[in-house]
Amino acid sequence: MPNVDSHKPGAFCWVELGTTDQNAAKNFYGSLFGWDVNDHPMGPDGVYTVFRLHGRDAAAGYTLRPDQKAHGVPPHWMLYVAVENADTAAKRAADLGAQVLAPAFDVMDLGRMAVLQDPTGAAFCVWQAKRNPGFGVTGEQGTVCWSDLNTRDQSRASKFYTDLFGWKVVADTDDKPSSGYLHIQNGQEFIGGILPAHFVPPNVPPHWMPYFLVDNCDSSAAKATQLGARMYSEPTTLEDVGRFAILSDPQGAGFAIFQANRKQ
């Protein structure tokens, strides 16, 4: 179980669930991934739930605010990207065509963040770590291992994120015939991908989707559905890579699970 104490700029460093039923979400994800729950007061009535694995932070969740619900924000997972300076990153994103949904602000002494929407419509956050770097664990069941951008303008999204984070976006040369899927590389590490438009259902808004590592994709998918999840994509094999499935939790937040092939 590799522990993580810091994240390189451009890396996905945190994931946060906005939900309509926080207690139900705790039960669902705790049962599915083995997460422990650590609740923190948030404002006069709210609670911020940190999900933990073996005492290390793995994810978080909160109840959607009334103003978010009024604007039609559905239950969702939000990804955070590590940056050296949240203010600079937010300004740069705006210059590149992003909408600043929340200008940079301090999260107590834990860090500084901004909420952004890329030019194609997908929301994400930038995180400047202070006392809290984000994920504290990786490489085991229940940790984020990959993230896909679902967008209808792959080209524009690729240029935006390349210019903002310095990512390298490359075609999947192993696909024959080519699927059009693009891989995202941060430094030497492959961290996610960008789907071609024809893979994105017409009624689904642009969004980032996290993949959580599991030991067995089929059994985890079955357990998720038993717990009330909806299956959007049955367990599927990626040759020489692993197996994945796409689901939504009982409140409607979409996520994926991934089982890596065992190394010989």
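Please work out if Ala229 is surrounded by 13 or more Cβ atoms within 10 Å (Cβ to Cβ), without any contact (Cβ under 8 Å) to a residue 24 or more places away in the chain and over 23 Å from Val81 (Cα atoms).
For Ala229, the condition - surrounded by 13 or more Cβ atoms within 10 Å (Cβ to Cβ), without any contact (Cβ under 8 Å) to a residue 24 or more places away in the chain and over 23 Å from Val81 (Cα atoms) - is not met.
Suppose we filter Val200, Val241, Val170 for residues that are hydrophobic (A, V, I, L, M, F, W, C) and in contact (Cβ under 8 Å) with a residue 24 or more places away in the chain; which single one remains?
Step by step, each of Val200, Val241, Val170 is checked, and only Val200 is hydrophobic (A, V, I, L, M, F, W, C) and in contact (Cβ under 8 Å) with a residue 24 or more places away in the chain.
Working carefully through the options Ala222, Ala245, find the one that is out of contact with any Leu (no Cβ under 9 Å at 6 or more places or on another chain), assigned to a strand (DSSP E or B), surrounded by 13 or more Cβ atoms within 10 Å (Cβ to Cβ) and at pLDDT 95 or above.
The unique qualifying residue is Ala245.
Which condition from (1) of a type in the set (Asp, Glu); (2) under 19 Å from the mean Cα position of the chain (by Cα); (3) surrounded by 14 or more Cβ atoms within 10 Å (Cβ to Cβ) is the one that Glu189 breaks?
It fails just one condition, (3).
Restricting attention to the range 1-56, and to residues there that are among the charged types (D, E, K, R) and not in a strand (DSSP E or B), which single residue is surrounded by the most Cβ atoms within 10 Å (Cβ to Cβ)?
Top of the filtered list is Lys26.
Only one of Arg56, Arg65, Arg92 is of a type in the set (Lys, Arg), more than 25 Å from Asn38 (Cβ to Cβ) and out of contact with any Ser or Thr (no Cβ under 6 Å at 6 or more places or on another chain); which?
Arg92
State all residues of the range 131-164 that are more than 20 Å from Ile191 (Cα to Cα) and without any contact (Cβ under 8 Å) to a residue 24 or more places away in the chain; if no residue qualifies, say none.
Once the filter is applied, which keeps residues that are more than 20 Å from Ile191 (Cα to Cα) and without any contact (Cβ under 8 Å) to a residue 24 or more places away in the chain, the range 131-164 yields only Arg131.
The values are calculated or read from the model by the stated rules, or taken from the named source; none is laboratory data. The shown structure was predicted, so the numbers you read here are calculated from the model rather than taken from an experiment. Cβ coordinates were reconstructed from backbone atoms using ideal geometry, including for glycine residues, and neighbour counts include every protein chain displayed.
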